[in-house]
1. Which cross-chain or sequence-distant (5 or more) residues have an amide H under 5 Å from the amide H of GLY69, H modelled 1.01 Å from N in plane?
2. Below 9 angstrom from the Cβ of ILE131, what's the summed charge of the other residues (Lys, Arg +1; Asp, Glu -1)?
3. For q = 0.12 Å⁻¹, what log10 I(q)/I(0) does segment 65-179 give under the Debye formula with an equal point scatterer on each alpha carbon and no solvent?
4. Given H placed on each backbone N at 1.01 Å, which residues far from LEU152 in sequence or on other chains put an amide H within less than 5 Å of it?
5. At 1.4 Å probe size, with the rest of the protein present, what percent of the exposed accessible area of the chain is carbon and sulfur atoms?
6. Label VAL87 and LYS145 with points 7 Å out from Cα along Cα→Cβ: what is the distance between them in nm?
7. Could you give the dipole magnitude of the chain about its Cα centre, charging the beta-carbon of Lys and Arg +1 and that of Asp and Glu -1, in debye to the nearest 20?
8. Could you calculate the contour length gain from GLU62 to LYS159, that is, 0.36 nm times the residue separation minus the distance between their Cα atoms, to one decimal place in nm?
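The values are calculated or read from the model by the stated rules, or taken from the named source; none is laboratory data. Quantities reported herein were computed from a predicted structural model and do not represent experimental measurements. Heads up, the Cβs are rebuilt from the backbone with ideal geometry, glycines too, and the neighbour counts pull from every protein chain shown. Only protein heavy atoms, including side chains, enter the accessible area calculation; ligands, DNA and RNA are left aside. Shrake-Rupley method; radii C 1.70, N 1.55, O 1.52, S 1.80 Å.
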Amino acid sequence: MKDENRLSIRLATESDAAVLYIWDENPHVMAATSNDGSKSFDANWEEELLPQQDGTQFFIAEVDGTPIGAMQIINPATEKTQYWGAVASNLRAIDIWIGEEAYIGHGYGTLMMRFAIERCFSCSDVEAILIDPLANNLRSHQFYKRLGFVFLERRQFDKDSDCFVFRLSRADWHKEANN
């Protein structure tokens with residue numbers, strides 16, 4: 001990939017809140033995070049970016065020092081909102097978004113996901129990763145399938161989250177990585 005060496009990923013800090021609030025207002029972010037595209041996250045980013053005791057981690061992706069996107073990796077069994085409900089402790093869940101629209105379609109999302117997947121599976125007891133793109137976000141479904149994720153179910157998490165749940169097992173990731 002031509003731009004692979006330009007991408008860096010770091011843990012997010014409280015100072016990243018300002019850019020996250022800006023991204024929340026971008027139409028392409030709102031469309032990917034709300035079924036009707038009318039709102040984005042209702043996050044208090046200063047609070048969300050503080051170190052979490054539940055294993056949640058936020059990352060910022062940068063190209064040549066410019067923030068372009070964010071990722072969240074959680075243990076869905078222990079994270080504070082219990083968004084995923086009752087799940088096994090050997091799972092992780094990933095949220096990813098590119099906040100700067102000009103960087104979409106250049107392979108950065110793939111690089112970000114590979115980083116997140118490798119980070120999740122670096123913990124030997126993690127057996128699978130879950131993701132939950134909106135049911136109407138067909139482009140993301142294809143993206144995740146290309147990375148080896150398998151559709152599990154359609155699930156309504158709340159009134160704004162009609163999602164498709166995909167899963168990537170450690171075994172499937174090893175198969176994809178070796179192809």
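1. ALA61, GLY99
2. Residues close to ILE131 contribute a combined charge of -1.
3. Each listed q corresponds, in turn, to -0.42.
4. Result for LEU152 returns VAL165, PHE166, ARG167.
5. Of all accessible area on the chain, carbon and sulfur atoms account for 49 percent.
6. Result: 2.1 nm between the two label points.
7. 840
8. That works out to 31.7 nm of additional length.
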